[in-house]
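Just below is one structure, and these are the notes that go with it.
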Amino acid sequence: MTRHLSSKALIPKSQLARRGGLFVIVLSLAIAGRLTGWELSGYIAGEGRLFMQDPLYDGQDRHNASMAVQPQIYHRFSDSSSLTFTGFARADSADPHRTHLDLRELNYLYRQDEFEMRLGICKVFWGVTEFVHLVDIVNQTDLVEDIDGEEKLGQPMIQFTLPARWGRVDLIWMPYFRQRTFPGRSGRLRPALYVDPDVVIYESPEGRNRWDFVARYSRSLGSCDIGLYVFNGTDRQPLLFPTTNRNGQAVLGSFYQEITQLGLDAQYSSGNWLWKIEAIYKDGYFEGHSAATGGLEYTCVNLAGTRADLGLIVEYAYDELGDRTQTPYNHDLMFGLRFSPNDAASTYLLAGLIQDVKDTSRILIVEASRRLGSHWRMSLELWAFLDTDPGDSLYGLRNDDFARLEIAYCF
Amino acid sequence: MMSLAILTLSILPLLNTDATYRDPNQFGLAIATEVDRRSHGFGDLTADLTMILRNSRGQESRRRMRIQTLEVPDDGDRSLCVFIEPADIKDTALLTHTHRKTEDDQWLYLPALKRIKRISAANKSSSFVGSEFSYEDIAGQQLEKYTYRFLGQEVLDGNDCYVIERVPLDKRNSGYSRQKAWIDRSEYRIWKVEYFDRRGALLKTLCMRGYRLYNQRFWRPQIMEMVNHQTGKSTVLIWSEYRFGLGLKEDDLSTNALLRIK
């Protein structure tokens with residue numbers, strides 16, 4: 001059986017469009033500042049990244065500097081309706097693909113006792129685990145922002161919610177698909193070939209205009225929270241394949257299959273323990289398979305007589321496809337330490353180790369952050385890719401250990 | 001007249017002192033029950049809260065938040081706390097469902113990720129956002145979660161007060177071995193609480209000031225000051241914009257409400 005494949009080329013974002021977008025953000029900020037009843041908040045941040053080793057690929061640098069701004073405007077028309085706008089822009093010194101603009105949110109919420117409706121560009125997160133976000137499917141990952149995959153692109157949708165006593169039902173219609181962002185040719189944290197955003201193949205003949213749907217049921221029952229969904233649409237995770245682009249360069253193209261995915265997330269709390277599990281079953285162009293991640297978190301409060309809290313996290317990620325999957329977390333064990341001294345500056349420290357149990361590859365992650373004064377926040381992040389196995393999908397990042405310092409002004 | 005009769009009946013055990021005085025535990029419970037009865041029955045309330053944290057060198061930092069509370073019949077209260085300041089945690093929210101019999105439920109909402117995280121219910125003794133108030137101090141004391149003892153009577157700042165002791169039943173998670181509370185005899189308002197750590201040493205003192213009467217029925221303090229005697233740090237809570245009976249529903253204090261914050 002052959003499936004119809006359609007290819008659609010992207011119009012590259014022009015410099016002009018970027019400047020225009022920035023202008024719109026600045027203008028809306030100025031307007032929002034003058035209107036009463038409109039709440040303006042957000043941050044502007046400067047970031048520096050320093051890579052520990054020499055780059056492996058041509059055109060890459062040892063460091064980069066960038067600026068990002070994320071303004072948010074919120075207005076409540078009445079108890080039953082509100083408008084939210086969140087814009088995002090980053091300008092990066094090294095990678096033109098990281099210089100990007102996104103409408104994270106622009107949506108109208110209408111609410112009655114029996115139902116809620118959100119219309120526009122939204123962000124929806126589902127999931128419970130700390131390391132791998134398996135069930136989260138609505139928004140595309142803005143991977144060029146941060147390799148932890150927690151930054152997301154805005155998703156156009158109509159979300160209909162029934163907040164009933166017997167649980168919550170969400171029905172989401174998504175008429176437009178967003179491609180995953182990847183570092184460009186001159187960016188670090190990429191495979192040997194860079195992902196060319198212009199080489200995209202969709203399984204669906206409608207391409208990015210395919211209608212995606214998801215229906216989810218969720219409920220809190222005593223100490224337990226559960227969520228169950230069924231998704232039908234274009235997979236957010238592309239299959240990357242080596243090819244050549246229009247200019248004859250060797251690049252990676254993206255193939256987006258159509259899938260039906262079942263997702264389950266559950267967590268249970270008892271005393272100092274939190275138990276978490278996420279599982280999916282995905283069927284599409286490629287063979288149907290399941291994947292799961294889960295584990296536990298133990299919190300020691302008032303550590304050694306101080307007011308500090310220490311959380312210990314152990315999780316495991318499993319993918320039935322094993323080494324045939326492109327996700328790096330196919331049979332990996334994760335350990336995490338979350339330390340918060342509960343001080344006035346809201347300091348926190350997170351240390352994580354991800355160990356592949358079938359080969360030597362492991363990742364070491366440290367994140368720390370604290371507030372300075374009442375408006376500033378300083379964050380430091382360290383990533384090290386250690387003993388990366390040539391068969392592991394992280395092999396291309398073996399020389400990309402980095403430190404990232406960010407100083408943000410929040411308003 | 002009917003409601004007056006009910007009121008009289010319910011205070012009766014307190015006035016009928018001869019029997020109860022002889023049993024300090026029973027009298028202590030009777031006082032605590034009356035405090036609970038008088039401060040509840042409001043249905044729902046919203047208020048703005050400013051929190052000023054002071055360290056031992058006198059350096060200050062501020063937090064502002066909006067609080068909503070809903071009484072749930074035959075269970076505990078539901079409360080939602082949404083941060084306004086500092087800016088980096090704006091719209092972060094904490095939802096607590098206290099229960100009379102079982103473990104409380106608590107969720108944290110992280111607006112940047114739109115993520116709701118259930119947090120361990122064992123954090124009772126942990127500091128609330130770096131302040132001298134712990135989660136158990138702010139989460140409203142459930143009557144059933146302590147045992148009580150009447151200690152005596154004292155005049156505190158010109159008020160005739162009952163002094164009672166309450167001992168948490170949850171010895172594993174509570175940060176205290178006992179608490180001592182001063183409650184005025186006329187309106188059953190708490191004016192002062194002393195908290196003793198697990199080793200029995202005096203840890204903190206909470207003082208209430210500026211009580212005001214709302215809806216002709218509910219007394220609420222404008223200022224609460226918690227001083228930590230062991231670290232020299234203190235936290236002042238300034239309450240404003242108290243509103244009672246706005247008609248909040250259970251859904252307004254559910255995980256659904258967290259997703260509507262923004």
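The values are calculated or read from the model by the stated rules, or taken from the named source; none is laboratory data. For clarity, every value in this text was computed on a predicted model and none was experimentally measured. Here the Cβ is made from the backbone with ideal geometry for all residues, glycine too, and neighbour counts use every protein chain on show. Heavy atoms of the whole protein, side chains included, go into the accessibility calculation; ligands, DNA and RNA do not. Shrake-Rupley method; radii C 1.70, N 1.55, O 1.52, S 1.80 Å.
Laid out as a table, the results:
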{"quantity": "Scan of region B:116-128 for residues that are in contact with a helix residue (DSSP H, G or I) (Cβ under 7 Å, 6 or more places away or on another chain), within 7 Å of another protein chain (Cβ to nearest Cβ) and open to solvent by 10 Å² or more (accessible area, probe 1.4 Å), ordered by number", "calculated": "B:Asn123, B:Ser125"}
{"quantity": "Check on B:Gly200, of a type in the set (Gly, Ala, Ser) and surrounded by 17 or more Cβ atoms within 10 Å (Cβ to Cβ)", "calculated": "no"}
{"quantity": "Candidate set: region A:59-91, residues that are touching a residue at least 60 places away in the same chain (Cβ under 8 Å) and more than 30 Å from A:Gln112 (Cα to Cα); chosen: the one surrounded by the fewest Cβ atoms within 10 Å (Cβ to Cβ)", "calculated": "A:Gly59"}
{"quantity": "Failed item in (1) facing chain A (nearest Cβ under 8 Å); (2) touching a residue at least 60 places away in the same chain (Cβ under 8 Å); (3) among the charged types (D, E, K, R), with B:Asp137 passing the rest", "calculated": "(1)"}
{"quantity": "Residue within region A:104-111 that is part of a loop (DSSP other than H, G, I, E, B) and under 14 Å from the mean Cα position of the chain (by Cα) present", "calculated": "no"}
{"quantity": "Residue count, region B:92-115 (criterion: touching a residue at least 40 places away in the same chain (Cβ under 8 Å), more than 8 Å from chain A (Cβ to nearest Cβ) and over 22 Å from the mean Cα position of the chain (by Cα))", "calculated": "1"}
{"quantity": "Residue within region A:154-164 that is within 14 Å of chain B (Cβ to nearest Cβ) and within 23 Å of A:Val199 (Cα to Cα) present", "calculated": "yes"}
{"quantity": "Verdict on B:Leu248 being in contact (Cβ under 8 Å) with a residue 60 or more places away in the chain and part of a loop (DSSP other than H, G, I, E, B)", "calculated": "yes"}
{"quantity": "Filtered residue count, region B:1-49, keeping only those that are modelled with pLDDT of 60 or more, among the polar types (S, T, N, Q) and open to solvent by 30 Å² or more (accessible area, probe 1.4 Å)", "calculated": "4"}
{"quantity": "Selection within region A:95-130 - farther than 24 Å from A:Arg208 by Cβ, crowded, with 22+ Cβ neighbours inside 10 Å and either touching a Gly at 6+ places or on another chain (Cβ under 8 Å) or without any contact (Cβ under 8 Å) to a residue 60 or more places away in the chain (or both)", "calculated": "A:Leu109, A:Thr129"}
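To keep it simple, each residue is scored yes or no on (1) at negative phi; (2) of a type in the set (Val, Ile, Thr); (3) at pLDDT 95 or above.
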| position | (1), (2), (3) |
| --- | --- |
| B:Trp182 | yes, no, yes |
| B:Arg199 | yes, no, no |
| B:Cys207 | yes, no, yes |
| B:Ile223 | yes, yes, yes |
| B:Met226 | yes, no, yes |
